[in-house]
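Taking it in order: structure first as structure tokens, then the write-up.
The values are calculated or read from the model by the stated rules, or taken from the named source; none is laboratory data. Since the structure is predicted, the reported quantities are computational estimates derived from the model, not experimental observations. When we count neighbours, we look across all protein chains shown, and the Cβ atoms used for this are built from the backbone with ideal geometry, even at glycine. We work out accessible area using only protein heavy atoms, side chains counted, and drop any ligands, DNA or RNA first. Shrake-Rupley method; radii C 1.70, N 1.55, O 1.52, S 1.80 Å.
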Amino acid sequence: MSDKEKLTVTSFAKMKQAGTKIVMVTAYDYAMGRAVSQTDVDIILVGDSLGMVVLGYETTVQVTMADMISHTAATRRGAPDTFIIGDMPFMSYHDVTSAKLNAAALIVEGGANAVKLEGGSPSRIEAVKAIVDCEIPVCGHIGLTPQSVHRFGGYKVQGKSVKAHDDLIQQARLLEEAGAFMLVLEGIPELLGKEITKAVSIPTIGIGAGRHTDGQVLVWHDMLGMNPNVAKFVKVYGELGAQTVHALSEYVNDVREGSFPAETQVYYPIKIREGSE
Ligand code: KIV
């Protein structure tokens, strides 16, 4: 156990009040969880983005509850003390009974502290209420919700018209009233990110939502240089993709030329005497 303070839903409410920015990053397995737990990142999101960046699907809609439970549990094993939000995959919360059972599975089997679901329509609001009623904290997610990719006709910035802008502010308010403890705002104009952040008392976490949200989230592969095609809002903090290819190529060379394994990498090395073969 580390000596870091364990964060809870109330910590994030206090951070908003104090104006302390909240830092969230996605992670999907044990090694990633271990890396995050050695930093001051506040929240891990085991996002269904894993469908695209880990499993190689074209969208997130193929991701299953089994995928989410397995990856959330692996991440938890790597980050035992970090606040983890488990993402609810497509169609896992679209009726109230499924919503409650699947949210509970992410908490009980996956070891998450909270769950996230996309959208602010009346049925999503009902799902949030039902999950919160089971004592499970819920993070809402509005704007460019990736599970809506087919309805949106692509990954397009949302909330640009006056009506769409006002609708998203209304959805944020309804999600707060339904009991959500946090909102992810994705792919919206900066002004709307600022207005939603002012309109609700729960923290907002932006991804492509400008500079005025209460915190930020980035996808692991985007921010660490493992995705060659990143969106405008991404800042790349490392080049792990290129470093990995470079390291693998050096390994190939070493094996081919016989310099790996060297004597230091061998058990009971055979002593080669001068003059002998
Ligand atoms: O699945 C995910 O990683 C997400 C983030 C993009 C917010 O929902």
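Quick notes
- Within region 80-89, considering residues that are surrounded by 22 or more Cβ atoms within 10 Å (Cβ to Cβ) and part of a loop (DSSP other than H, G, I, E, B), the one farthest from the ligand (Cβ to nearest atom): 82
- Considering 136, 205, the condition of being under 22 Å from residue 8 (Cβ atoms) and free of Cβ contacts under 8 Å to residues at least 60 places away in the same chain is satisfied by 136 alone.
- Residue 27 open to solvent by 10 Å² or more (accessible area, probe 1.4 Å), at negative phi and small (Gly, Ala, Ser): no
The rows are residues; the columns are (1) touching a Cys at 6+ places or on another chain (Cβ under 9 Å); (2) within 14 Å of the ligand (Cβ to nearest atom); (3) charged (D, E, K, R); (4) under 16 Å from residue 86 (Cβ atoms).
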| site | (1), (2), (3), (4) |
| --- | --- |
| 34 | no, no, yes, no |
| 39 | no, no, no, no |
| 46 | no, yes, no, yes |
| 56 | no, no, no, no |
| 65 | no, no, no, yes |
| 72 | no, yes, no, yes |
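- Exclusive hit being surrounded by fewer than 18 Cβ atoms within 10 Å (Cβ to Cβ), hydrophobic (A, V, I, L, M, F, W, C) and at negative phi, set 209, 164: 164
Residue-wise test of (1) part of a strand (DSSP E or B); (2) closer than 15 Å to residue 24 by Cα.
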| site | (1), (2) |
| --- | --- |
| 39 | no, yes |
| 45 | yes, yes |
| 68 | no, no |
| 73 | no, no |
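- Annotation: residue 215 fulfils all but one of (1) modelled with pLDDT of 95 or more; (2) open to solvent by 50 Å² or more (accessible area, probe 1.4 Å); the unmet one is (2).
- Residue within region 52-66 that is buried (at least 22 other Cβ atoms within 10 Å of the Cβ) and assigned to a helix (DSSP H, G or I) present: no
- Residues (open to solvent by 30 Å² or more (accessible area, probe 1.4 Å) and more than 16 Å from residue 214 (Cα to Cα)) located in region 174-190: 174, 177, 179
- If the condition is being among the small types (Gly, Ala, Ser) and closer than 19 Å to residue 53 by Cβ, then region 1-39 contributes 27, 31, 33, 35.
- Unmet criterion (only one of (1) free of Cβ contacts under 8 Å to residues at least 40 places away in the same chain; (2) more than 20 Å from residue 51 (Cβ to Cβ); (3) part of a strand (DSSP E or B)) for residue 115: (2)
- Top-ranked residue in region 146-176 [being under 21 Å from the mean Cα position of the chain (by Cα) and not in a helix (DSSP H, G or I); ranked as nearest to residue 48 (Cα to Cα)]: 155
- Test: residue 140 is within 12 Å of the ligand (Cβ to nearest atom), within 13 Å of residue 175 (Cα to Cα) and of a type in the set (Gly, Ala, Ser): yes
- Selection status of residue 120, touching a helix residue (DSSP H, G or I) at 6+ places or on another chain (Cβ under 6 Å), away from the ligand (no atom under 14 Å from the Cβ) and part of a loop (DSSP other than H, G, I, E, B): yes
- Residue check for residue 130: more than 13 Å from the ligand (Cβ to nearest atom), aliphatic (A, V, I, L, M), open to solvent by less than 10 Å² (accessible area, probe 1.4 Å) and in a helix (DSSP H, G or I): no
- If only residues of region 98-110 that are open to solvent by 20 Å² or more (accessible area, probe 1.4 Å) and touching a residue at least 12 places away in the same chain (Cβ under 8 Å) are counted, the one that is nearest to the ligand (Cβ to nearest atom) is 102.
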